[in-house]
Structure formats: C-alpha cells, structure tokens
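The values are calculated or read from the model by the stated rules, or taken from the named source; none is laboratory data. Note that this is a predicted model, so its numbers are computed, not measured. Using ideal geometry, Cβ is built from the backbone for each residue, glycine included, and neighbour counts are taken over all protein chains shown.
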C-alpha cells in the first residue's frame with residue numbers, strides 16, 4: 001500500500017516528536033508571532049504568577 005509507514009520507520013519519527021515536545025515544554029517562550037504593522041517578530045509564552053496566568057513576550061532581534 002503506497003504511503004504506508006512501517007514500524008521501523010515510525011519509531012524514529014515518534015522519538016523525534018517526543019524530543020520536539022520536550023524542547024517546546026522546556027522553552028519559556030516557544031511560540032512566535034509577527035506584528036503585521038511593523039514586521040517585527042515576537043516570541044511568547046505563558047507562566048503563572050501567584051496562581052494567575054500571565055502572557056510573556058519579547059521581540060526577537
């Protein structure tokens with residue numbers, strides 16, 4: 001069957017996804033967005049401060 005992935009091919013792909021997810025969780029600002037009016041790119045994430053969710057962002061330079 002065309003396009004079918006074997007178990008031998010799937011294992012490294014799953015390991016890579018797990019590694020990518022772990023790196024994403026370890027990063028404090030893993031997401032990116034671009035301000036279309038200025039063209040500037042920012043990275044953002046969230047954290048809890050005294051039980052309150054806070055949006056954290058900074059410009060990518």
| What are the residue pairs meeting all of these: first residue in the range 7-29, first residue over 14 Å from residue 45 (Cα atoms), second residue modelled with pLDDT under 90, Cβ atoms under 9 Å, and 6 or more apart or on different chains? | 13/5
| Hits in the range 15-42 - residues which are surrounded by 10 or more Cβ atoms within 10 Å (Cβ to Cβ) and more than 14 Å from the chain's Cα centre (by Cα) | 15, 34, 35, 40, 41
